[in-house]
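Every number here is computed from the coordinates shown, using simple stated rules; none is lab data. The structure presented is a predicted model; accordingly, all values stated were derived computationally and were not measured. For neighbour counting, all protein chains shown are included, and Cβ atoms are generated from backbone atoms with ideal geometry for every residue, glycine included.
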Amino acid sequence: MRLQSTVGHRLPRAALLAVLSLVALGAGSAAAEDVIYGPDGAPTVVQRKLYPMSNRWELGLRLQTSVNTPLVTQDGALLDVSYHTNEWFDIGGEVFYNYTALANLAEVIREKLPQRNSTTPKDEIANADQMRFGAAIVARIAPIYGKLNLASELNVHFQTYLLLGAGVTQLHHESVNLCAVGGTGACPDGSFLTTDQFTFVGEIGGGFRFYFSDHWSMSTEVRAYLYPAQYKADNDLTNPLSGVSTTYMGSMVSFALGFARLF
């Protein structure tokens with residue numbers, strides 16, 4: 001009985017010692033890890049961040065295409081340079097150029113235009129502006145970041161960011177249904193009313209950056225360009241000087257994909 005009692009007490013004590021040893025090892029391991037602090041002195045959310053962003057320049061090139069302009073096609077490139085003041089904020093400038101043209105839908109509408117007359121005033125078809133080129137100042141806030149491990153071989157640092165910007169753009173407006181010369185027949189030689197102007201543009205959007213090394217990244221984003229646009233209402237279709245200009249908020253939403261280099 002004494003032997004059984006001794007063994008019965010020794011087994012729980014051995015298990016308790018094993019558990020305490022594992023806890024001590026885990027605590028020692030956790031204490032051995034270096035805590036990485038951000039620019040504000042607080043620990044970063046993701047420890048052992050792969051590629052620090054603070055005090056670095058970034059040069060990027062993106063290809064973009066419009067996704068909400070059925071009357072026109074707009075495809076182009078955007079070049080930007082930005083400075084990361086800390087781990088979650090960067091500010092910089094950008095320039096962009098788009099190749100633009102009327103889409104097939106606009107051509108179909110033109111082919112089906114009725115004969116012009118002065119008795120039934122018509123409004124100009126809106127949302128046909130072509131944003132050809134421009135420049136802006138853009139700021140990005142990256143509140144979410146983390147790490148991915150692809151196939152246990154490639155570590156990827158990613159950021160989710162929001163962007164705001166303001167600048168100037170050149171708008172080319174080619175009317176879909178207003179002729180540039182008076183008359184009652186079809187527009188001669190396809191001559192439609194056109195205007196060109198520079199105007200302010202605002203930008204809002206968001207996207208992802210994927211950093212595959214300390215110097216190279218890939219980004220994908222969606223952004224909206226907002227600008228003051230105009231169309232003519234109550235036009236005498238036989239007289240291009242008639243009608244009243246009406247201002248509204250124009251927009252171009254684009255999808256962009258590109259690469260960048262960190263310095």
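Would you work out which of Val138, Asn117, Thr160 lies farthest towards the positive end of the dipole of region 110-167? Charges go on Cβ: Lys and Arg +1, Asp and Glu -1.
Farthest towards the positive pole: Asn117.
Residue by residue through region 72-89, which ³J(HN,Hα) values in whole Hz follow from phi under the Karplus form 6.51 cos²θ - 1.76 cosθ + 1.60 (θ = phi - 60°), with glycine and proline marked x?
9, 9, 9, 10, x, 10, 10, 10, 9, 10, 9, 10, 8, 6, 7, 6, 10, 9
What number, in percent, do you get for the relative contact order of region 56-262 if the mean sequence gap of Cα pairs under 8 Å and at least 6 apart is divided by its residue count? Let's see the in-between values first.
On the way: 553 pairs, mean separation 47.7, N = 207.
Relative contact order, region 56-262: 23 percent.
According to a simple spin-label model (label point 7 Å from Cα along Cα-to-Cβ), what is the distance in nm between Thr199 and Leu148?
Using points 7 Å along Cα→Cβ, the separation is 3.8 nm.
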